[in-house]
Amino acid sequence: MTYGQVISQLESQLEALGEEKESLSYVFKELKNWTLTDLILQLPKSVSAEDKLLLEEIFDQLSQHIPAQHITGKAYFKDLTLKVTSDVLIPRPETEELVDLILSENPQEDLRILDIGTGSGAIALALKSARPGWQVVAADISPEALAVARENARANQVEVAFLQSDVYSAIAGQFDIIVSNPPYIAFEDKDEVGTNVYLHEPHTALFAEENGLAIYRQILSGAQPFLTEKGKIYFEIGYKQGQDLQVLAEQYLPEKSCRILKDMFGKERMVVMDEK
């Protein structure tokens with residue numbers, strides 16, 4: 001059999017199980033250190049016994065709903081390669097949009113940034129990588145997540161200050177930007193979460209009380225002392241939460257405007273609170 005035949009056969013079985021069939025060839029080329037061109041050139045060739053076994057092993061893991069990035073051990077985010085484990089969320093393309101938004105709206109070179117719930121460090125490291133002059137503090141309640149984030153900072157040669165903190169509990173000073181992609185899925189919406197996400201990504205980084213709004217409330221209610229006079233807040237949100245965030249913003253930071261922005265899929269995904 002050729003590589004193409006084996007891959008096609010296993011992809012069909014994956015699709016029947018409700019998994020993304022593209023994950024198979026993605027993981028295979030990553031583990032082989034092949035480019036997409038390398039893979040395409042191999043497709044008509046006879047598959048080696050070793051590679052056939054590897055493809056079947058990858059299929060077995062994917063069929064158990066193990067995320068592709070957990071099999072490869074890494075995820076790509078902006079210009080960074082990040083280690084990911086079951087202790088952190090796998091960075092999503094929508095979060096790259098949040099980073100792009102922050103960078104496009106804040107060209108200054110000397111800002112102080114606080115990333116709350118940093119997880120793998122994706123947002124903090126991407127911002128610092130793009131703006132070396134920024135002072136970036138990345139906080140997370142999870143020591144396991146912080147260990148992964150610190151490893152990612154070293155691997156990507158990006159200097160960020162990491163703190164174990166329950167929102168503001170260990171934070172000092174004021175910041176020009178507070179950014180967070182907190183847990184925002186309501187417990188009753190767990191059926192909307194993919195099986196591989198539900199089984200293998202940390203629930204503390206996925207789900208929150210108050211219909212998913214608890215951490216937003218915690219951040220907003222305590223934000224005032226930690227924001228500079230013209231300080232801004234950037235959130236990633238669930239696609240149904242825009243109006244609720246506007247209500248919370250008016251309650252806790254009435255002096256600031258609140259913008260709701262859509263992602264590449266046309267869903268409300270980002271909230272910005274800045275000067276009126």
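The values are calculated or read from the model by the stated rules, or taken from the named source; none is laboratory data. Computed from a predicted structure; not experimentally measured. So basically every Cβ, Gly included, is an ideal-geometry build from the backbone, and we count neighbours across all protein chains shown. Remember, those area values only see protein heavy atoms, side chains included, never the ligands or the DNA or RNA. Shrake-Rupley method; radii C 1.70, N 1.55, O 1.52, S 1.80 Å.
Brief remarks on what is shown
- Number of positions in the range 89-106 that are under 23 Å from residue 214 (Cβ atoms) and assigned to a helix (DSSP H, G or I): 3
- Scanning the range 107-114 turns up no residue that is assigned to a helix (DSSP H, G or I) and either touching a His at 6+ places or on another chain (Cβ under 8 Å) or among the β-branched types (Val, Ile, Thr) (or both).
- Matching helices (runs of 4 or more DSSP H) fully within the range 33-87 where at least 3 residues are within 15 Å of the chain's Cα centre (by Cα): 68-72
- Of all residues in the range 2-32 being acidic (Asp, Glu) and not in a helix (DSSP H, G or I), the one that is nearest to residue 65 (Cα to Cα): 19
- Hits in the range 262-276 (condition: surrounded by 13 or more Cβ atoms within 10 Å (Cβ to Cβ) and closer than 13 Å to residue 233 by Cβ): 270, 271, 272, 273, 274
- Single residue of 137, 158 found to be more than 20 Å from residue 226 (Cα to Cα) and among the β-branched types (Val, Ile, Thr): 158
Residue by residue, here is whether (1) farther than 25 Å from residue 4 by Cβ; (2) in contact with a Ser or Thr (Cβ under 8 Å, 6 or more places away or on another chain); (3) hydrophobic (A, V, I, L, M, F, W, C) holds:
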| residue | (1), (2), (3) |
| --- | --- |
| 20 | no, no, no |
| 41 | no, no, yes |
| 57 | no, no, no |
| 60 | no, no, no |
| 64 | no, no, no |
| 74 | yes, yes, no |
| 80 | yes, yes, yes |
| 94 | yes, no, no |
| 102 | yes, no, yes |
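- In the set (1) over 24 Å from the mean Cα position of the chain (by Cα); (2) buried (at least 22 other Cβ atoms within 10 Å of the Cβ); (3) hydrophobic (A, V, I, L, M, F, W, C), the condition left unmet by residue 247 is number (2).
- Count of residues meeting criterion [free of Cβ contacts under 8 Å to residues at least 24 places away in the same chain, open to solvent by 70 Å² or more (accessible area, probe 1.4 Å) and among the hydroxyl-bearing types (Ser, Thr, Tyr)] in the range 29-80: 3
- Filter result for residue 254 (open to solvent by 40 Å² or more (accessible area, probe 1.4 Å), at pLDDT 90 or above, out of contact with any helix residue (DSSP H, G or I) (no Cβ under 6 Å at 6 or more places or on another chain) and closer than 22 Å to residue 170 by Cα): no
- Filtered residues of the range 126-168 (kept if modelled with pLDDT of 95 or more, open to solvent by 20 Å² or more (accessible area, probe 1.4 Å) and polar (S, T, N, Q)): 129, 135, 156, 157, 164
- Only one of the numbered conditions (1) crowded, with 22+ Cβ neighbours inside 10 Å; (2) without any contact (Cβ under 8 Å) to a residue 60 or more places away in the chain; (3) outside any helix (DSSP H, G or I) is violated by residue 119, and that is (2).
- Any chance residue 105 is without any contact (Cβ under 8 Å) to a residue 40 or more places away in the chain and open to solvent by 40 Å² or more (accessible area, probe 1.4 Å): no
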